[in-house]
Structure formats: C-alpha cells, structure tokens
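Take a look at the structure set out below.
The values are calculated or read from the model by the stated rules, or taken from the named source; none is laboratory data. Remember, it's a predicted structure, so these values are computed and weren't measured experimentally. When we count neighbours, we look across all protein chains shown, and the Cβ atoms used for this are built from the backbone with ideal geometry, even at glycine. These area figures cover heavy atoms from the full protein model, side chains too; ligands, DNA and RNA do not enter into them. Shrake-Rupley method; radii C 1.70, N 1.55, O 1.52, S 1.80 Å.
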Amino acid sequence: MGKYELVCQEDGEVFEDGYGLFCPSGHKGLMRTRYEVREFSPRPCKGIFKFYDWLPVRSVYETDSCPVVFRSEKLSKELGLNDLWVGLTGYYPERDCRSMSCTFKEMEAYPTYARLRDSGGKTIVLASAGNTARAFAQIAAETGNRCIIVVPETSADKLTVTERSENVTLITVKGDYADAIALADRVVALGDFVSEGGARNVARRDGMGTVMLQFAQTAGRLPDSYFQGVGSGTGGISAWEASLRLIGDGRFGDRLPRLRLSQNLPFTPMAKAWNAGRREILPEDLGKEREDVSQVYAEVLTNRKPPYSMKGGVFDAMTACDGSFIEVTNDEARSAERMWMQCENVRPDPAASVVLASLVKAVGDGTVDRDECVFLNMTGAGRDRVSEDYDLVTVAPKADVGTDVTDEELRAIVDA
C-alpha cells in the first residue's frame, strides 16, 4: 500500500483515497484510515505535521500550531487529582500554545486543506456554529485556500481572524446550526464544490486525534479517562481511533481510555440515548430542539444529526471504551469557568467550560478515582488573549439569507 488507505468499517473493504467521504460500495458506516507506518514516531518539528505519518495527507503546511499537553498544579489541587493532564488548543503564550483561531478545530483544518490539495484542490464548503468556521477561515487566510462557510446569523460575530483574506465566502442563515448544515449541502449540490464532510472526513478525525497523540508523546502512555465536550461526538471518535493506533504500537498500554463525553443541558440528545442504552437517537431525545438549542451556554455543542448510530460512530466508540456521557447545566459550566480562570490565566471557550464542569461532577460523585490518569481536553481558549496581541479582522458576510433562498440566488452569491 501507499502511505495510507481507507477501510470501510462495515465490511473491511479497502480503497485508495481521493477525498472520499463515503464507502464506494455504498455502505453507510464511516471509513477509517490505515497507515503504512504502524509505529508512533513524531517528526522533529513543533506543528501538527510532526504527526505526518498518521495524518491522511501527502503534502504539508508550515505551522507551529499544535495541541499542547501540560499539568496544571493549581487545577489538580483544586480537584484533588494526583495524575491530571490538560490538553489545550488555543492561544496561551505562557504554555507555548499558539493556535490563532483559539480552537482545536484548527487541528481539523490543516490536514483537511492538505488532503484537499492532494486530490485536486476544489473549493471546500462547510457549516459551523462558530469554532469550525473560525478555524477554517483562519487557516484559509494563512494557506491561500478558498472556502465557503455557512453559519447561523447569531454566530457571525464570532468569526474573527488574524489575517484578512479574500478567499473566504461567508454566508449567514436565519436559523440554527441544522439550518446552516442544510444550506451548505445545497451549495455543494450546485457543483464545482466539495463538502468538508464532518465526521466522514478522515482528515478531520485524524487531525483531532493529534490531541491524543500529543498526550502520548508527552506522558509516554495512554490515559485511563479522556474528558471532552461534544456536539457531533467526532472528537470522541477521533480519540478512540488514535488510541487504537497507539495500542497497536505496543509501547503506550493495551487498554483503551474510557471516553467521558459531556453535553450541555438542555440539549443533550446523545447523552440521553446513551444513558438509556440505545443505539438510536429518538425524537424525545432531541427535546424541544430549537428552543433547547437556543438555551445552552456552549452553542457549538449542539448538533441535531450527530454520527451517533452509524458503524464506527459515537455509539461504537463509547461501547468499545466503556464510556459515559455527562450532562452539564449552564450554571455548572460557568462555575467551572471561574475555577479555570483562578488556576490559569486564559479564558476558556464555553465548550471547554462544559468539559471541565463534567470532570468536577465526575470527581464529586466518585466516578473518577483521585489516582487515575485523567486527560482533560480543553478544546478552546484564548480569544481574549489573542485580541490583546493582534488586530483581529471580522469576516464580513457575503450574504444573509433565509432558509427559503433559491438555488439561483445561492449561485449568484458564491460566484460573486
């Protein structure tokens, strides 16, 4: 085989990559990368592409951006944990953390753009509730790639970058994240564009998996428990897949970390389905949908159609890892945010506050033992700090549309 190949999770069939998102044989499950290099051997550089051997790319970009893993003595003491490790992807110079979009979605953007360039370089289209949009816009500005981004109009003010770029076409939609996803799909259907792919994009998953790779490089082992806040749950799948590769290496342990994933009340469909022992998300798990989504503290943790039940998705990851879902209220998230700010000099994103709150709850109810090795993935921080050090540029929307916008109107917007 070459550097890597794609493997269908339903029947094990193997395919060469051409920016494929679906199994060519028509199976509904996720494709997974299988790499020629089986030994974990980071390259001697700082950025994410030091993990080149386990990224589905053949070309790279020059960058120092990479997850950072460290021990926070103050936070460990506050929580009473003896072996707590923190993963952070954001802007926090004191910890040598310099991801300019301030979110670990940046780890998805670099390999996605590289993989796209490897396969011919079409314009990418993506939907986002905020963080993914900011990351892909930031890296588009740095690399010169063109992208079309669709976000709910309530998220438009979050789309700031450190470099102005004419390569980003931003469309805001009068609606929520689900409406943005539907509109992005319509843009792709116009032709000449390619979907970013969400959980189906192996570059996104393996890019997010570098957080676990960075942990292994830093700690020399796999953690006992891995904490992350999730909307689609793709980050949990990524941690599972990266852990499988590290176990295959043989030097980092032979037991999968327990995935302890969190969602923000009142919108917690995956948590409800999992805690009820179901593979399928039922309508009652979605609650009042739009009303509940509008009430969460961490808007980015809302996805009405997550890759939960499909083969290789969240349910399978949680089953393999004996995982657990933790539901967090807005008040609990804000309380955890205050705790973090007392321990570290950088403001976390709401999603990171949610995951810290889930760890607080797990410690409080005895789910986590004080001596186990815990890895807390703080998925974003530092927008306050980067705004102090850089002149940020807000990406201006090309158009603000309703869900009833016509295809002809969409074509005019993206061609302008």
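Those residues that are in contact (Cβ under 8 Å) with a residue 60 or more places away in the chain and open to solvent by 20 Å² or more (accessible area, probe 1.4 Å), I need them from segment 317-342; list them, please.
Correct list: 320, 322, 324, 326, 327, 329, 330, 339, 342.
Would you mind finding the one in 126, 84, 88 that is under 19 Å from the mean Cα position of the chain (by Cα), under 27 Å from residue 370 (Cα atoms) and buried (at least 24 other Cβ atoms within 10 Å of the Cβ)?
88
Quick check on my filter: what residues within segment 8-57 are of a type in the set (A, V, I, L, M, F, W, C) and within 21 Å of residue 306 (Cα to Cα)?
Hits for segment 8-57 are 8, 21, 22, 23, 30, 31.
Being open to solvent by 40 Å² or more (accessible area, probe 1.4 Å) and under 21 Å from residue 194 (Cβ atoms) is true for just one of 163, 142. Which residue is that?
Exactly one residue qualifies, and that residue is 142.
Under the condition of being of a type outside the set (A, V, I, L, M) and crowded, with 16+ Cβ neighbours inside 10 Å, which residue from segment 376-400 is farthest from residue 105 (Cα to Cα)?
Here the residue is 398.
Only one residue in 76, 25, 101 is in contact (Cβ under 8 Å) with a residue 24 or more places away in the chain, among the small types (Gly, Ala, Ser) and not in a strand (DSSP E or B). Which one?
After applying the criteria, what remains is 101.
Which one of these is of a type in the set (Val, Ile, Thr), farther than 29 Å from residue 242 by Cα and in contact (Cβ under 8 Å) with a residue 40 or more places away in the chain: 194, 168, 125, 202?
So the residue among 194, 168, 125, 202 that is of a type in the set (Val, Ile, Thr), farther than 29 Å from residue 242 by Cα and in contact (Cβ under 8 Å) with a residue 40 or more places away in the chain is 168.
Does residue 131 fit the bill of being polar (S, T, N, Q), open to solvent by 10 Å² or more (accessible area, probe 1.4 Å) and more than 23 Å from residue 196 (Cα to Cα)?
Considered against the rule, which asks whether it is polar (S, T, N, Q), open to solvent by 10 Å² or more (accessible area, probe 1.4 Å) and more than 23 Å from residue 196 (Cα to Cα), residue 131 comes out as no.
State whether the residues of segment 69-88 include one that is modelled with pLDDT under 95 and touching a Ser or Thr at 6+ places or on another chain (Cβ under 9 Å).
no
What are the residues in segment 1-22 that are at pLDDT below 95, within 24 Å of the chain's Cα centre (by Cα) and hydrophobic (A, V, I, L, M, F, W, C), if any?
21, 22
So which residues in segment 1-22 are in contact (Cβ under 8 Å) with a residue 60 or more places away in the chain, open to solvent by 60 Å² or more (accessible area, probe 1.4 Å) and in contact with a strand residue (DSSP E or B) (Cβ under 9 Å, 6 or more places away or on another chain)?
Passing the criteria: only 22.
Spot the failing condition for residue 41; the list is (1) part of a loop (DSSP other than H, G, I, E, B); (2) within 22 Å of the chain's Cα centre (by Cα); (3) modelled with pLDDT of 95 or more, and only one is missed.
(2)
For residues that are more than 10 Å from the chain's Cα centre (by Cα), in a loop (DSSP other than H, G, I, E, B) and surrounded by 24 or more Cβ atoms within 10 Å (Cβ to Cβ), tally how many sit in segment 203-251.
Total satisfying the criteria: 1.
Do the conditions hold for residue 396, that is, is it closer than 29 Å to residue 138 by Cβ and in a helix (DSSP H, G or I)?
It is false that residue 396 is closer than 29 Å to residue 138 by Cβ and in a helix (DSSP H, G or I).
Of these, 58, 43, which one is open to solvent by 20 Å² or more (accessible area, probe 1.4 Å), without any contact (Cβ under 8 Å) to a residue 24 or more places away in the chain and of a type outside the set (Ser, Thr, Tyr)?
43
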